[in-house]
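Structure first, then comments.
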Amino acid sequence: MRNYLPSILLIAVFVIVWEVGARIVNTEFILPAPSGIGLKLWDLKGLLLKEHLTSTLLIIVIGLAISIVLGIALAITMTQSSVMEKTFYPIIITSQTIPIIALAPIFVLWFGYSIWSKVVVTILITFFPITVSTYDGLRSSSKELKELLLTMGASKKDIFFKLDVPSAIPYFFSGMKVAVPLSVIGAAIGEWLGAQEGLGYFSRRMMTQFDGAGVFAPIVILSLLGIIFFLIVIMFEKKALKWRK
Amino acid sequence: MRNYLPSILLIAVFVIVWEVGARIVNTEFILPAPSGIGLKLWDLKGLLLKEHLTSTLLIIVIGLAISIVLGIALAITMTQSSVMEKTFYPIIITSQTIPIIALAPIFVLWFGYSIWSKVVVTILITFFPITVSTYDGLRSSSKELKELLLTMGASKKDIFFKLDVPSAIPYFFSGMKVAVPLSVIGAAIGEWLGAQEGLGYFSRRMMTQFDGAGVFAPIVILSLLGIIFFLIVIMFEKKALKWRK
Amino acid sequence: GDKEATGKADELKELDVMLDWYPNAVHSFLYVAKEKGYFEEEGLDVSIQFPANPTDPLNLAASGKIDIGFYYQPDVIMARANEDIPVKSTGVVVRSPLNHLVFKEDSPVQTPKDFEGKKVGYPGIPLNEAILKTMVKSDGGDPEAVEMVNVEFELGSSLIADKVDGVIGAYINHEVPVLESKGHGIAYNNPVDYGVPSYYELVGVTSDQTWEDEQKKIEAFWRAAEKGYDFMEKKPDEALDILLDNQDEANFPLDEEVETKSMEILLPKMESEHGFGSQSEDAWQETADWLKETGLIEEIPEMEDLFVE
Amino acid sequence: MSKAVLEFKDVSFQYQETDKSIDLLDSLHFRVFDGEFISIIGASGSGKSTLFRLITGLEQPVSGSIHINGEQRPNRLGSVGYMPQQDLLMPWRTIYENAVLPLEIKGVSKQDAHQQVVKGLKEFGLSGYEQNYPSDLSGGMKQRVSFLRAVLSGSNILLLDEPFSALDAMTKLSMQEWLLAQWEKRGQTILFITHDVNEALFLSDRIFILTERPVKQLKEAVVPMNRPRTLSGLHAPEVTKMKEQLIEQLRERISL
Amino acid sequence: MSKAVLEFKDVSFQYQETDKSIDLLDSLHFRVFDGEFISIIGASGSGKSTLFRLITGLEQPVSGSIHINGEQRPNRLGSVGYMPQQDLLMPWRTIYENAVLPLEIKGVSKQDAHQQVVKGLKEFGLSGYEQNYPSDLSGGMKQRVSFLRAVLSGSNILLLDEPFSALDAMTKLSMQEWLLAQWEKRGQTILFITHDVNEALFLSDRIFILTERPVKQLKEAVVPMNRPRTLSGLHAPEVTKMKEQLIEQLRERISL
Ligand SMILES: Nc1ncnc2c1ncn2[C@@H]1O[C@H](COP(=O)(O)OP(=O)(O)OP(=O)(O)O)[C@@H](O)[C@H]1O
Ligand SMILES: Nc1ncnc2c1ncn2[C@@H]1O[C@H](COP(=O)(O)OP(=O)(O)OP(=O)(O)O)[C@@H](O)[C@H]1O
Ligand SMILES: [Mg+2]
Ligand SMILES: [Mg+2]
């Protein structure tokens, strides 16, 4: 805790300057004061937490779950078959330099305002780090250990479960630590483009109402969501990698 | 080249299936055919390349330039002063779990429909990888080499320029390889939120015109842009790291 | 007529409509029909959605993701003419433009030609560009000298934050009273006074496919809507109460004063001697001619493709 | 002399590279007898590790045959115990889980495996560390776990490929003495690759020297020392003479 | 005997850790004379590298004084040549750029520096590799570049901290002979840390042994061999006796 003191101080100073600044500027819809955002959060807590948070959470959870399942499956396929690897790996790497996300508006045409248009955005944004890190992890298993296992008479299955999978776990978690904050961003972007509920949607909608505090309040919740998800990943990571000193 | 054959084949198959699928579905504004997109690209090449590409390029270049300057400056400050490090590092790391990008709509209120609202989105999305990788790079310099330099009577400046900077360069390029595709995405997202020109804007505008090929055409250019930027970074990297075998 | 005898909710047919914007007084008839059970009487279970993007009502109707989207007559013609988008109007809600050129009362600009060299925000719908150009031109100005900025839905905020000098695409029944109620002095120009035909502001659009498959359903919708409208016309206060009861208070709080004012402006523009929802070929033709004149369309589509009774 | 537990009969071997092939063994013939301790020395790249890869079955001879305990099988994987350079323990497995690995792979029942591992850990002075991770152990302790793992493979032949090269000089000394004690107690046959001539002399009955490429024949030196051995035995005149000869043979191939 | 180029006078030193302090030296006193070759041996953690850190000036004594070439200066950084364990070349600098580093830092003019480096590279058999990167060189060549870099620091005292520990046995042997030749030719004073008793005996005039903690006094052994030396000289009876004594002294502290 002591280590974070300077950061906390800086944030405190920032919030105070913001508060004072906001009171001087005094146009709430352009620059709401932190106190105003706090009050708004309190006022709307029921609505934001019950309705909009649930909706955004659902998008994130479904999107991440699909990304994880597909990502791991593809990573395994690529490590097991060199044809698949040669086919998909260059595409996956190249696809990362392509702003596929710019296609997001068209998803609304394909999926309407259903949850799927947002889930697809979330998947697109999280699929890459999960797949690539899992793949790199599966590939990272030491050749020496593999040969050692072979000299013990290990089968392909033994090598996969006893060597490749454990070697991949740290990499998988690195990927998750990148993917999880991105999933929150993905859900929010998805909601801008077509939604009837959700924190990203609510924030954008409050803009049309000239309600500055209302714009920031859901973003505060989104931020907390990002941090909480991140901490959950770290918790699982600590548990899975307790052999690391 | 031979190595990419399977990928190229798969992409070819995908494009053909898409073409056939699009012709069967036959609703151009939901699913334009690749051939239609190609034709559209050709038709609009002047407009897209001269006007919209220039505008998007300007956003990317300004945004990346500012991110690089600020990112390197902050990374250096953090390595040189432990107070700065303790203050900023936790904030930078935590900020990454916060969907700041969700604030993008409000930038329009702050910066108007000028280029700056889009540049800010680009900076927000690229600042983190550049700063963190440069910082990690500066920190990565070997303690042994530093002590060796000290035994030669090296000054702080010697150590910075002869050891820290060269050690940071590979990390900086890793950061750039992440940041450059993100900058394209950032510019596109920025343009969704309000713009008069640019490829992201044009794509979205074509949606309002029900011109499916027109939606995809600028995205093709954005994709090429992402790939070209990436290749440029790799080129510079090869040059700077020619000592790597 | 051939009304289906219904009652049980599980036999109701689902029908998705998307409003042109967030719910306000103009949509009272829908909420009345819903509340009073007119839709249910027609065997419909209507769900009402609001768009996240200005063009979604037409887009999603065309792609069949919704059954009816409320949109603007000229855009329907443009979609049909330029991209052969298979959508048609199935009924009219508002019969003349609500869309006005809105600016601050105390600003130096007062008529369309004053906007030369100024910025005008609009919600990304090209029609608004045409309206503004016609207005500036008929006011003796140079349309090319006006800078148009796509501000999506942020019409009001961009105006009062001084990011633009005026906005087009704003409604005299909504943005104007809302801004006034927040204490901003607002003025506006009516496009009809500056060379723009009195087009239908709001029509309900359906894709050709949906029309073919679900004609009965659509017709049932309009029958129920008409009942809703009749109620709204006779008892505007009560209709308003129903709307206010149905509002999503935290999401989009409506101001009773604003909506009352809005209702006053609206009712005359919704009234038709041929009955609620009715359409005339002349009105379609006139609007299409204007669009061709402005260059927004090159050919005038077949009238039977544009609307059905 | 007792029976041959390992025999190479006219074994030839080469690595295929894209543009060329590297001939390493050419009709190589040798025998190792039950209970022997054999060291293998030779310049870097001379093919020492390749010999082990052939014995374990990771590689197959191009011609000739390899007999283990009198049998010739194409799939030799799993038939000898192998202890690699450094320790190569799995960092994510506890000491117990690392040691039990060969038994797991052989499909030994959990109960049997538990008994064997617990007994082994005790004999090797590792009791109490069952639930620790490798990172908690010193270099010498890790080498003992690695050796136990090779022993638990159940084979009478153990191949040790420079097992002590990563240890510091003092720890190495202790491990050598410990290894000798274990070998004398257990009577397994050990093949031991090393770069260190002193180590080879101190430990082994016979030393195989690889000098040519491709290897047609192993030069062989019988160490003129009785067991049990002491470090001072290394200074006996016949031993120092042999040592100088060995170094001379190896130096012919050195280039910096 | 010639003059003392390095002298520790009652030097005490300790590392401060958060919870405790580690006493390493307690009023240590010793002298090294011009042109000597001194090896330092001692168990891991006994403080060998710490001695070097004190000499170079990376650490300061808690009490006592350190005299280099008769002078006592608080900032000794830059006054001796230091060659670390392994090679520690900068991978991004060519061989030439690596060798020129100490001259760059001393601010020697480019022209002078160029002359010195080119001459040095030639003497060390590295001509033709000026523009190569370290990754192109063999282990022995890298060590020679590293040694040249230490020599170019211009100091008459060179500290070598286990420079050959990462080399394989054969390369190590060649490097030892090469180092002796260089030292005999140049007449610098060398302090050499090693774990390898053979190496210490083969190379040095005197051997310092660190046995206690904190170190109050260095045990010292004068190697009973004339120069030039050969490997066979190591088998002379007085040498093997000294070797056994040294190993005995070190073993007292070994624990696995
Ligand atoms: N998988 C392989 N494919 C091709 N060539 C190989 C392979 N493994 C080893 N070699 C080559 O075969 C030769 C012998 O290698 P090997 O590893 O057996 O030598 P070694 O005597 O064990 O050397 P070291 O002492 O360095 O461990 C070397 O030239 C090496 O480059
Ligand atoms: N910077 C430091 N801070 C605190 N303690 C240290 C530091 N450097 C070394 N030590 C401790 O001081 C003791 C002596 O370390 P030193 O590196 O001098 O030993 P050494 O004899 O060189 O050992 P080795 O043979 O392993 O290199 C060790 O116990 C070590 O843990
Ligand atoms: Mg080998
Ligand atoms: Mg040391």
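The values are calculated or read from the model by the stated rules, or taken from the named source; none is laboratory data. Keep in mind that this is a model prediction, so the values were computed, not measured. Virtual Cβ from ideal backbone geometry, glycine too; neighbours counted across all protein chains shown. Each accessible area value is taken on the protein alone, full model and side chains, heavy atoms only, with ligands, DNA and RNA left out. Shrake-Rupley method; radii C 1.70, N 1.55, O 1.52, S 1.80 Å.
Overview of values
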| read-out | value |
| --- | --- |
| Qualifying position, being within 12 Å of another protein chain (Cβ to nearest Cβ), open to solvent by 40 Å² or more (accessible area, probe 1.4 Å) and more than 16 Å from ligand 3 (Cβ to nearest atom), among D:L103, D:L77 | D:L77 |
| Selection from region B:1-52 of residues that are at pLDDT 90 or above, crowded, with 16+ Cβ neighbours inside 10 Å and among the β-branched types (V, I, T) | B:I37 |
| Answer residue from region D:175-186, given it is open to solvent by less than 30 Å² (accessible area, probe 1.4 Å) and out of contact with any strand residue (DSSP E or B) (no Cβ under 7 Å at 6 or more places or on another chain) and is nearest to the other protein chains (Cβ to nearest Cβ) among those | D:M175 |
| Any pair with Cβ under 6 angstrom, 6 or more apart, that starts in region E:29-58 at a residue that is within 17 Å of E:R206 (Cβ to Cβ) and ends at one that is part of a loop (DSSP other than H, G, I, E, B) and open to solvent by 10 Å² or more (accessible area, probe 1.4 Å) | E:F30/E:L218; E:F33/E:M1; E:F33/E:S2; E:D34/E:S2; E:D34/E:K3; E:G35/E:G187; E:E36/E:D205; E:F37/E:D205 |
| Enumeration of residues in region C:24-51 that are crowded, with 24+ Cβ neighbours inside 10 Å and within 11 Å of chain A (Cβ to nearest Cβ) | C:P51 |
| In region D:150-176, the residues that are at pLDDT 90 or above and not polar (S, T, N, Q) | D:A150, D:V151, D:L152, D:I157, D:L158, D:L159, D:L160, D:D161 |
| Residue list for region A:219-245, restricted to those being open to solvent by 70 Å² or more (accessible area, probe 1.4 Å) and part of a loop (DSSP other than H, G, I, E, B) | A:K242, A:R244, A:K245 |
| Odd one out for E:T211, checked against (1) in contact (Cβ under 8 Å) with a residue 24 or more places away in the chain; (2) within 14 Å of chain D (Cβ to nearest Cβ); (3) under 24 Å from D:L246 (Cα atoms) | (3) |
| Helices (runs of 4 or more DSSP H) (entirely within region E:148-256) containing at least 1 residues that are of a type in the set (A, V, I, L, M), under 15 Å from the mean Cα position of the chain (by Cα) and within 16 Å of ligand 2 (Cβ to nearest atom) | E:197-203 |
| Pick from region D:22-44, criterion open to solvent by 40 Å² or more (accessible area, probe 1.4 Å) and within 17 Å of the chain's Cα centre (by Cα), ranking: farthest from ligand 2 (Cβ to nearest atom) | D:R31 |
| D:Y82 being assigned to a helix (DSSP H, G or I), within 14 Å of chain A (Cβ to nearest Cβ) and either in contact with a helix residue (DSSP H, G or I) (Cβ under 6 Å, 6 or more places away or on another chain) or in contact (Cβ under 8 Å) with a residue 24 or more places away in the chain (or both) | no |
| Residue in region E:140-157 that is within 26 Å of E:I95 (Cα to Cα), touching a helix residue (DSSP H, G or I) at 6+ places or on another chain (Cβ under 6 Å) and within 16 Å of ligand 4 (Cβ to nearest atom) present | no |
| Residue match in region C:133-144 (condition: within 14 Å of chain B (Cβ to nearest Cβ), of a type outside the set (D, E, K, R) and more than 19 Å from B:E191 (Cβ to Cβ)) | no |
| Top-ranked residue in region A:107-129 [being touching a residue at least 40 places away in the same chain (Cβ under 8 Å) and not in a helix (DSSP H, G or I); ranked as farthest from B:V25 (Cα to Cα)] | A:Y113 |
| Conditions (1) away from ligand 1 (no atom under 16 Å from the Cβ); (2) without any contact (Cβ under 8 Å) to a residue 40 or more places away in the chain: number failed by D:G64 | (2) |
| Selected residue [in contact with a Lys or Arg (Cβ under 9 Å, 6 or more places away or on another chain) and open to solvent by less than 10 Å² (accessible area, probe 1.4 Å)] from C:N173, C:N150, C:N128 | C:N173 |
| Residues within region E:55-74 that are basic (K, R) and within 9 Å of chain B (Cβ to nearest Cβ), tallied | 0 |
| Test for E:E130: is it within 16 Å of ligand 2 (Cβ to nearest atom), at negative phi and in a loop (DSSP other than H, G, I, E, B) | no |
| Condition broken by A:T97, with the remaining ones in (1) closer than 27 Å to B:A187 by Cβ; (2) at pLDDT 90 or above; (3) β-branched (V, I, T) satisfied | (2) |
| Answer residue from region C:86-120, given it is polar (S, T, N, Q) and touching a strand residue (DSSP E or B) at 6+ places or on another chain (Cβ under 9 Å) and is surrounded by the most Cβ atoms within 10 Å (Cβ to Cβ) among those | C:N99 |
| Which listed residue, of B:F202, B:F216, is at the interface with another protein chain (Cβ under 9 Å from one of its Cβ atoms), touching a residue at least 24 places away in the same chain (Cβ under 8 Å) and either assigned to a helix (DSSP H, G or I) or touching an Asp or Glu at 6+ places or on another chain (Cβ under 6 Å) (or both) | B:F216 |
| Hits in region D:58-73 - residues which are farther than 19 Å from D:Y15 by Cβ and either in a loop (DSSP other than H, G, I, E, B) or within 16 Å of ligand 2 (Cβ to nearest atom) (or both) | D:N69, D:G70, D:Q72, D:R73 |
| Among (1) open to solvent by 30 Å² or more (accessible area, probe 1.4 Å); (2) over 18 Å from E:S49 (Cβ atoms); (3) away from every other protein chain (no Cβ under 13 Å), the one test that E:T189 misses | (1) |
| Strands (runs of 3 or more DSSP E) contained in region D:1-57 and holding at least 3 residues at pLDDT below 90 and within 16 Å of ligand 1 (Cβ to nearest atom) | D:21-33 |
| Scan of region E:115-146 for residues that are more than 17 Å from E:M83 (Cα to Cα) and aliphatic (A, V, I, L, M), ordered by number | E:V118, E:L126, E:L137 |
| Matching entry among B:A12, B:A22 (being more than 10 Å from chain A (Cβ to nearest Cβ), more than 30 Å from C:A79 (Cα to Cα) and part of a helix (DSSP H, G or I)) | B:A12 |
| Any chance D:A200 is closer than 26 Å to D:M83 by Cα, small (G, A, S) and within 14 Å of chain E (Cβ to nearest Cβ) | yes |
| Enumeration of residues in region B:139-166 that are closer than 22 Å to E:L158 by Cβ and not in a helix (DSSP H, G or I) | B:S142, B:M152, B:G153, B:A154 |
